Each structure stands twice: as C-alpha cells, then as structure tokens.
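Report on one structure; see the data block that follows.
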Amino acid sequence: MTATDTGADTGTSVSPDARRLWRRGRGLLIAAAALLITGLVLALLRSGDNGTLHPDSAAPLGSRAVNQLLTDHGIDITVAHTSEEVLAELDRLDRNDWPAATLLITHPENLAPERRDALRRETLRTGTRTVLAGAGPDTAAAFTPGIEVAPSAPTGELDPGCATDLTERAGSAQLGGHRYLLPPDTDRATAAAACYPFAGLPTLVTHHAGGPSETVLLGAPDLLYNANLDAYGNASLALQLLGAREHLIWYLPTAADAPGSGQDRSLTDLMAPGWRWAALQLAIAAALTAFWRGRRLGPVVTERLPVSVRAAETTEGRARLYHRNGARDRAAEALRSAARTRLAPRVGVAPAAAHSPEDLLHALAAHTHRAAADLHALLFGPAPADDPALVALADDLDALEASLTPDPKDPSQ
Amino acid sequence: MALTGRTALIAALGALIAGLLPGWGGIAAVCLPLLAAIGYDLLRAAPVRTLHLSRPASVSVRLGERAEVDLTVTNLSGRPLTADLRDAWPPSGWQPGTQYAAARHHLSVPAGERRRVTTVLHPTRRGDHAAVRVTIRSHGPLGLAARQGSHRVPGTVRVLPPFSSRKHLPSKLARLRELDGRTSVMLRGEGTEFDSLRDYVPGDDVRSIDWRATARRSAVAVRTWRPERDRHLLLVLDTGRTAAGRVGDVPRLDAAMDASLLLTALAAHAGDRVDLLAFDRRTRAAVRGRTGKDVLPAVVQALAPLEPALIESDMTALATAARAGAPRRSLIVLFTTLETAPVEMGLLPVLPQLTQRHTVLVAAVGDPRVEEMRTARGTATAVYEAAAAAQHDEERRRTRARLTRLGVTVVEAPPADLPPAVADAYLSLKAAGKL
C-alpha cells in the first residue's frame with residue numbers, strides 16, 4: 001500500500017522543500033560566488049581598457065612607472081576619462097593666475113573632432129601645456145594648424161638632432177611613429193623644437209601657440225611604457241615633458257568621447273525620460289510574462305516505445321538488392337518457378353514434376369494450343385537481357401496463367 | 001511558485017505610472033505593491049505539500065476503450081484550495097492531441113474537505129501504463145501568484161488485449177455444437193466416443209444407424225458420437241525477436257494473442273483445459289491449471305503486459321518448457337514464425353521431442369504486404385518485388401512441407417484471418433479425434 005493511505009504525513013509529495021533545495025543548490029551557489037569573486041578581483045587588478053598607458057597599470061604597456069616617477073617628484077596627477085572631466089579640472093586649476101597644468105592625452109586620435117576643438121580652446125585659454133602621445137594627422141590638424149604628418153617611421157632609439165635643454169639632458173630616446181612636416185615659414189616663436197628626426201623629419205615637435213600655452217606632439221607613446229622607461233633617455237624625457245608643471249591631468253579618452261558618440265545618439269537618448277522608464281517597466285512586465293508562460297505544470301513525460309520492425313522488411317530488402325545488382329537471372333527464375341508451381345496442378349501434372357520441361361510443357365501445350373518451343377522459351381528460357389524484358393516476361397507469365405481455366409484449389413494456400 | 005497572466009498584465013499597465021513618474025520612484029511605485037501582493041498571494045495560497053492524494057492501485061481496460069481513473073484530493077490545511085491539477089500519464093495513455101486538455105483539471109477544495117477528479121484515458125497501446133506524477137498549482141486569493149508542487153501517486157492502468165476476434169466466436173461455437181451432436185448432422189471419425197442412442201432424423205448419416213438397437217425397438221435408432229472432452233491444450237507464444245515484426249501496424253505477437261484468446265474461449269466452451277506459456281529465453285508469462293470461466297480472464301491478464309523481446313528465442317529451452325507444461329498428451333499450439341532460418345536452426349531439431357507425444361499445431365502470422373508484392377507488375381522495381389515475394393513464398397512452402405512431414409499441422413494467415421484459421425484447425429483436429 002502506498003504511504004498516502006496511512007493518512008498521516010503525506011509521503012507522496014515529490015517537490016523539494018526549502019532544506020532540500022538548499023542542500024541541492026549550495027554547491028552551485030558556492031561555485032557561482034567563487035566565480036564572481038574571481039571575476040571581480042581580476043577586473044580590479046586589470047582595470048582600464050587593457051591598461052595601455054594607464055597610470056595604474058603595471059603591465060609592460062602600462063605607465064605606472066612614469067606615474068611613480070612623477071609622484072616622487074611632487075607632481076599632482078589627476079586621471080580623467082572624459083573630456084568633461086578634463087575641462088572641469090582645467091577650469092579648477094585656472095583659478096591660479098600662473099598656468100600650472102600639463103595635459104597628457106594618451107590616445108588623441110580616438111577623440112571626436114568637436115571634443116578636440118573644445119580641449120584646444122580651453123588649453124589655449126588657460127595656458128596649459130598639452131602633450132599628445134601618438135599624435136596623428138587629425139590631432140595635428142586640430143591642435144597645431146600648419147603642421148602636417150608624414151609617413152610613419154619605425155620606433156627605436158633616435159638621437160636628439162637638435163639643441164634644447166630638453167634634449168641635452170635626455171640624450172637619445174625611444175621615438176618614431178608619426179613624423180611631422182613643419183611649414184617652411186616656421187619661426188622660433190611658434191615651433192620651439194623639432195627633435196628626434198628620422199630620415200630628416202622630426203618625431204617630436206613642441207609648438208608654441210602664444211602665451212604660456214604649448215603643444216607637444218609625440219610621434220609614438222613608446223617611451224612612456226613601463227617596459228621602455230629605463231631605456232636610453234626615456235625617463236628623463238618623460239619627466240621633462242610631463243613634470244614641468246605641478247599639476248598633470250592624465251586623460252585616457254573612453255568611448256564616450258569617441259567619434260560618433262556625439263552625432264549618433266542611441267535609442268535611449270532619443271526617448272523622453274518618461275518613455276525610458278516606461279520601457280523599463282515594460283521590460284519588467286515582459287520578464288514576468290516569460291516567467292508566467294515558462295513555468296510548466298509538471299515535467300514533460302517520456303515513454304519507452306517498442307521498436308517498430310516491419311515484418312516484410314527482409315523481402316523488400318531482397319527485392320531492392322535484386323534491383324540494384326540487376327539480378328535478372330535470379331528474379332526471372334523465381335518468377336518462372338512460381339508460375340510453374342501454379343500451372344502444374346491445373347494441367348494435371350504432379351507438383352514434383354512441375355519443374356521438368358518434358359512433363360510440364362507437353363501437358364501445357366495440349367491445354368493452351370501453343371507451340372512447345374514458345375512455352376519452353378517462356379518457362380525455361382534464358383535470363384532476360386534487360387529490365388524491360390524482365391517486366392515483359394512477368395506479363396507473359398501472367399497472360400499464360402490467365403489463358404488457363406482457374407484452378408479451384410489455390411496452390412499457394 | 002508560479003505567476004499568472006494577471007501579474008504580467010498589471011506590470012505592463014504599470015508602465016503608464018512609470019512613464020508619468022520618471023525615475024526609480026515610478027518603477028518602485030509599481031513594483032513594490034505588486035511584489036507585496038504576490039507575497040500575500042503566496043502566503044495565503046493553500047499549501048501543496050501537505051495535500052493528501054490517493055487513487056485506486058489498478059484499473060483494467062481493453063485496448064480501444066476508455067479508462068476512468070479517480071484521484072481523491074484531501075485538503076488538510078486550514079485554507080481553501082483553488083488549484084490547477086495535472087495528472088500526468090505516459091503519452092500513449094491518451095488519444096494523440098487530447099493529452100493536454102485531458103490531463104488538466106481545475107478544482108477547488110474547501111478547508112478540511114476532499115474532492116475527486118476523474119481523468120479519462122484512452123490508451124493507444126497494450127500493456128501497463130503507470131501514472132507519472134500529479135502536479136498541483138495552488139492559486140492565492142488575488143490570482144496573482146500560485147504555489148506549485150508535485151506528488152507521486154502510484155497507479156496503473158492495465159490495458160488488455162482487444163480480443164477483436166471475439167466476433168468469430170459464435171460461428172465457431174456453432175461448429176463445436178455440430179461436433180457435439182446437438183444438431184442432426186453427425187460426424188464420424190476415429191477416436192470419438194460413443195455417447196447415446198436417439199431416434200433417426202432425416203439427414204443423419206445412414207452409417208451411424210445402430211441396426212442392433214433398431215431391431216430391438218420399433219423406431220430407427222442412431223448412435224451419436226461425442227467429441228472428446230477434458231483434453232489439454234498448451235498455447236505457446238514465442239515472444240522472441242520475430243514476434244516484434246509488424247504486420248500492418250500491429251506486432252506479430254498481438255495477432256498471436258488474438259488467436260490465443262479465441263482459441264482459449266472456444267476450448268473453454270468445449271470443455272478442454274487450456275494452459276498458456278509465453279517464452280523466448282525464459283518464461284515471460286504462464287497460465288496453468290485454470291478451468292472453466294477462470295481461464296479466459298487469466299489468459300487476458302497474463303498477456304496484457306507482454307512485449308516482444310529483441311533476442312533470438314531459445315527453441316531448445318522452449319521445447320523443454322513446453323514438455324514440462326504438458327505432462328499428458330496435449331495439443332501444443334505454437335505461435336511462432338515460418339521464416340526459414342529460425343525454423344531450420346531452431347524449431348526443426350526440437351519438434352520431434354514434441355510430436356512424439358503430443359499433437360503440434362504451428363501457427364504463424366502471414367504478411368499481406370508480401371501478397372501485395374507478389375502481384376506487383378508494370379515497372380522493373382515492381383517485378384523485382386514480385387520476384388522477391390515469389391522467392392519468399394517458395395521458401396515458406398518448403399518450410400511448411402518440412403513441418404508437415406514431421407506430422408505438424410501448419411496454419412499461416414494474415415493477422416485478421418489467423419484467429420479463425422487457428423480455431424478451424426483446432427476444430428478439425430478435434431473432429432478427427434486427434435487430440
């Protein structure tokens with residue numbers, strides 16, 4: 001008898017209670033928690049977009065070493081991720097009368113044009129020194145009008161090639177990348193230094209735009225990497241470029257400042273705020289609907305079904321084998337033999353003698369008035385040459401049987 | 001737990017409020033009351049776990065008929081139960097397409113009371129169908145959320161063989177009565193027993209007139225003969241690989257079962273004892289020592305859960321089991337196949353063991369599909385099929401000849417014709433006094 005009949009605590013329930021759910025799910029929960037914690041730790045350790053030129057990244061392409069060096073020299077470093085932050089910081093530092101800031105832009109080519117223009121205006125106004133690490137044609141056109149960019153050079157150790165305080169202290173440094181073509185009418189007031197040339201064209205240009213503001217174009221940012229800082233005069237050059245003023249704004253442009261983010265506004269930007277929240281509420285409703293529809297009333301029921309084998313399969317298989325191999329001889333013999341077996345009792349021949357030509361043909365010829373030679377060819381002749389001949393043979397055999405009076409005793413039963 | 005469409009609808013309508021009150025406040029204004037209402041519903045819904053469910057352990061039904069399975073739901077909690085209930089059974093328990101609606105019930109059970117729901121099954125397959133589980137979704141008073149849980153309530157629907165050959169029974173019984181001497185037509189044969197004398201009726205065989213008795217009295221007296229009674233039949237079903245082959249859409253085994261049932265019913269009427277043995281490598285089912293009215297139900301019950309096994313039958317073991325099941329002279333009806341290989345390798349060597357003491361009848365299911373192939377003409381494919389069918393027939397003929405030479409009666413017929421053919425063979429043997 002089942003436990004239900006005892007009447008006391010029902011033993012028929014198979015739904016897990018809270019304790020059983022916890023016991024079954026805790027392993028999974030622990031695994032999920034471990035995964036989450038690991039992910040968070042990794043994310044914290046490797047923050048920033050792959051850490052290139054990030055002041056906190058200790059990776060070979062990070063810039064923690066430069067950061068450390070500057071901090072040791074008393075430079076105050078602010079990290080900014082959006083142009084708004086940069087502008088706000090510049091505005092804050094502008095309260096001092098003396099231009100006190102250096103702005104380092106790590107990936108200037110990633111900036112949208114109007115952001116570049118805004119930064120350019122603000123740096124000119126506040127007299128900020130702007131260092132552009134890896135300044136390409138767009139950047140050069142925006143920040144240093146008149147300077148054009150020539151085809152790139154490989155990065156490597158380059159000699160200063162000019163005589164300034166900067167280069168005298170630093171000596172050779174790791175530079176290269178973009179090379180800059182100064183306009184022919186450049187005077188010393190606007191282009192203070194054009195150094196570290198490769199094949200005659202400089203890869204570091206300092207551009208004075210009047211006032212305390214100046215712009216430094218760096219062909220490649222390699223000298224700021226952790227891995228390269230201790231080579232040649234890299235450390236000295238970096239320190240002089242970034243540490244000349246007491247504040248450094250380290251600007252790492254993110255996707256928000258990238259080209260396109262200004263013009264192509266996303267769907268959510270286009271909606272009025274009310275609609276946005278209504279859409280969120282609808283999303284919640286959709287989730288509830290999914291849960292409502294997704295919850296089944298019990299599991300899918302499966303069943304072991306018996307195998308289905310067709311009894312005639314072997315015979316059908318044999319027919320197909322005959323056909324594929326063109327076994328006309330066997331097929332014809334089977335048909336003829338069956339016909340002979342059926343014909344024999346109708347013409348008064350014993351079943352045992354049905355397959356002997358003499359007995360059967362003689363009796364058949366008497367009954368059908370057909371020539372014995374014809375009947376011999378039909379019932380004992382050679383195998384048909386092709387498939388149409390076989391079909392014709394089957395029809396001829398049928399015709400022969402039909403021409404005889406039917407036998408009341410069916411031999412096949 | 002489960003939610004209802006009402007919850008989703010309210011959440012969707014809440015989008016209006018969220019649109020009018022942009023910000024998290026609007027979302028909270030919709031979601032927090034909804035969440036509270038869901039919580040209240042879950043709290044107030046009758047518990048599912050403590051429900052008491054029971055049903056009868058077993059229900060029997062013939063294949064093709066409907067089975068009603070009751071399920072009693074007792075609500076022992078203090079809260080009324082409003083619930084959707086699904087009584088899940090294997091798919092072949094339902095007519096295709098009806099299982100969704102047929103398995104689901106809506107019921108309400110007041111606190112402390114019990115209600116019965118009846119699930120109607122239309123099994124499409126013979127055998128035992130076991131209930132899978134009962135899932136109950138207990139709704140709260142607001143109709144927003146529900147508790148859901150499952151119970152395992154054992155129960156079986158035993159689907160018996162359909163016995164569609166029952167329609168042949170009256171005509172076969174009439175023939176049996178003829179044999180019995182209750183009609184004017186008399187049959188004479190070796191081994192029949194003298195029964196009694198009665199007056200001559202025109203139509204009687206003149207050879208049965210007892211002249212000595214006629215001389216003693218004024219009227220012409222006729223001797224009546226009665227077929228043997230209390231003979232023993234042993235039906236042996238081969239449930240091995242070949243029994244799984246489908247003829248039409250029915251396994252050979254099912255056709256053999258139908259014939260077994262007709263034969264059992266007929267023999268029970270004739271006053272013979274019937275035993276049954278289903279065997280492949282071991283005994284799958286056996287009925288022994290039942291008499292009179294008990295035997296047919298016993299055979300039906302024994303056959304119901306039988307399925308063909310996909311293994312080669314051990315004919316030697318089968319013959320041993322058959323001999324053990326037939327201690328005295330019997331008619332052994334062997335339901336098997338006439339395929340050349342199994343017969344030559346398995347059956348022929350062991351048949352003499354059976355034929356030396358018993359009368360053996362081999363019954364096999366013929367395939368109408370082969371008949372169809374035999375008459376196929378017109379295209380090369382069809383003629384090759386005809387040739388293969390002719391080859392098949394020739395092999396069959398040779399196998400039958402071999403069996404007949406051993407003194408075995410062979411019956412082969414398509415599934416629908418097999419039961420009457422086997423019954424006729426039995427009656428003929430009985431009339432000939434060969435039992």
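The values are calculated or read from the model by the stated rules, or taken from the named source; none is laboratory data. Source: prediction; values computed, not measured. Neighbour counts run over all protein chains shown; Cβ positions are idealised from the backbone, glycine included. Surface areas here come from the heavy atoms of the whole protein model, side chains and all, with no ligands, DNA or RNA. Shrake-Rupley method; radii C 1.70, N 1.55, O 1.52, S 1.80 Å.
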The stretch B:51-160 - charge dipole about Cα centre, Lys and Arg +1 at Cβ, Asp and Glu -1, debye rounded to 20: 140
Along the principal axes of its C-alpha atoms, what lengths does the stretch B:1-94 span, in descending order and rounded to whole Å? 66, 33, 14
Here the relative contact order (percent) of chain A, from C-alpha pairs under 8 Å and at least 6 apart, is 15
The local net charge around B:R133, scoring Lys/Arg +1 and Asp/Glu -1 for residues other than B:R133 whose Cβ lies under 15 Å from its Cβ, equals +4
Could you rank the peptides A:120-131, B:266-277 by their average count of other C-beta atoms within 10 Å per residue, with the highest value first? B:266-277, A:120-131
Show me, bin by bin at 5 Å from 0, the whole-percent P(r) of the stretch B:51-160 based on Cα pairs. 2, 13, 23, 23, 16, 11, 7, 4, 1, 0
Highest to lowest packing among B:231-243, B:330-342, A:327-339, B:400-412, scored as the average C-beta count within 10 Å: B:231-243, B:330-342, A:327-339, B:400-412
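Let me confirm one metric for peptide B:255-268, namely the mean number of other chain beta-carbon atoms within 10 Å of its residues' beta-carbons.
Values: counts 0, 0, 0, 0, 0, 0, 0, 0, 0, 0, 0, 0, 0, 0.
Per residue, the average neighbour count from other chains is 0.
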At q = 0.16, 0.17, 0.18 Å⁻¹, base-10 log of I(q)/I(0) for the stretch A:64-256 (Debye sum, equal scatterers on each alpha carbon): -0.98, -1.13, -1.28
Phi angles of the stretch A:121-133, converted by Karplus (6.51 cos²θ - 1.76 cosθ + 1.60, θ = phi - 60°) into ³J(HN,Hα) in whole Hz with x for Gly and Pro, give 4, 5, 5, 5, 5, 8, x, 6, 8, 10, 10, 9, 8
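Of all beta bridges DSSP finds with both residues in chain B, what is the antiparallel percent, to the nearest 5? Show your work: numbers first, answer last.
On the way: 48 of 76 bridges.
The answer is about 65 percent antiparallel.
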Once the convex hull of the C-alpha atoms of the stretch B:2-44 is built, how many Å³ does it hold per residue, rounded to a whole number? 55
Among B:L354, A:H54, B:T242, whose Cα lies farthest out toward the positive end of the dipole of the protein assembly as shown, if unit charges sit on the beta carbon of Lys, Arg (+1) and Asp, Glu (-1)? B:L354
On a C-alpha basis, how far is the centre of the stretch B:375-421 from the centre of the stretch A:189-255 in Å? Whole number, if you could? 100
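Work out which helices of chain B, taken as complete DSSP H runs, extend at least 18 Å along their axis over the Cα atoms and score a mean Kyte-Doolittle of -0.5 or more, then list them. Kindly include the intermediate steps, with their values, before the conclusion.
Values: long enough: B:5-20 (24 Å, 1.68); B:24-44 (29 Å, 1.38); B:252-269 (26 Å, 0.86); B:380-405 (37 Å, -1.10); B:418-431 (19 Å, 0.72).
Going by DSSP H runs, the hits are B:5-20, B:24-44, B:252-269, B:418-431.
Which number comes out as Rg/Rh for chain B once both Rg and the Kirkwood Rh are worked out on C-alpha atoms? Walk me through the intermediate numbers first.
On the way: Rg = 32.3 Å, Rh = 26.8 Å.
The Rg/Rh ratio comes out at 1.21.
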Counting only DSSP beta bridges with both residues in the stretch B:51-160, tell me the antiparallel percent, nearest 5. 85
Model label zone, A:F380; criterion: amide N under 17 Å from point 7 Å along Cα-to-beta-carbon; scope the stretch A:335-352: A:335-345, A:347-352
Fraction of beta bridges assigned by DSSP in chain A that are antiparallel (%, nearest 5): 50
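Mind checking the dipole of the stretch A:64-256: about its Cα centre, +1 per Lys or Arg Cβ, -1 per Asp or Glu Cβ, Debye to the nearest 20? Working shown, then result.
Numbers: 13 positive and 24 negative charges, 14 e Å.
Using Cβ point charges on Lys, Arg, Asp and Glu, the stretch A:64-256 gives about 60 debye.
In peptide B:2-9, how many Cβ atoms from other protein chains are near each Cβ within 10 Å, on average? All intermediate terms of the calculation are to be shown ahead of the outcome.
Values: counts 6, 8, 3, 4, 1, 5, 10, 4.
Neighbouring Cβ atoms belonging to other protein chains average 5 per residue here.
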In terms of Cα to Cα distance under 15 Å, which aspartates and glutamates are near enough to B:K434, apart from those fewer than 8 places away along the same chain? B:E190, B:E193, B:E228, B:D230, B:D272, B:D424
Out of residues 5 or more away from B:D128 or on other chains, whose amide H comes under 5 Å of its own, with H placed 1.01 Å from N in the peptide plane? B:V159
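Leaving out ligands, DNA and RNA, and with a 1.4 Å probe, what % of the accessible surface on the protein assembly as shown is carbon or sulfur?
Values: 22910 of 40790 Å².
Roughly 56 percent of what the probe reaches on the protein assembly as shown is carbon or sulfur.
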Per residue and in cubic angstrom, what volume does the convex hull of the Cα atoms of the protein assembly as shown have? 334
Hey, what number do you get for chain B at 222 nm if only DSSP H runs of n ≥ 4 count, each worth -39500 (n - 2.57), divided across all residues, to the nearest 500? -11000 deg cm²/dmol
Using 10 Å bins from zero, what percent of all Cα-Cα pairs in chain A falls into each bin? 4, 14, 16, 9, 6, 6, 6, 7, 8, 8, 7, 6, 3, 0
Given the whole protein assembly as supplied and a 1.4 Å probe, what does the accessible area of B:Y40 come to in Å², nearest 10? 110
For A:T254 and B:I311, extending 7 Å from Cα along the Cα-Cβ vector and measuring point to point gives, in nm, a value of 7.0
Relative counts (whole %) of C-alpha pair distances in the stretch B:281-435, using bins that are 5 Å wide: 2, 8, 14, 18, 21, 16, 10, 6, 3, 2, 1, 0
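What percent does the relative contact order of the stretch A:64-256 come to when contacts are Cα pairs within less than 8 Å and at least six residues apart? Please list the in-between numbers first.
Working: 428 pairs, mean separation 63.1, N = 193.
Relative CO of the stretch A:64-256 lands at 33 percent.
Over chain B, average the accessible area per residue using a 1.4 Å probe and give it in Å², no decimals. Please list the in-between numbers first.
Working: 18790 Å² over 435 residues.
That works out to 43 Å² for each residue.
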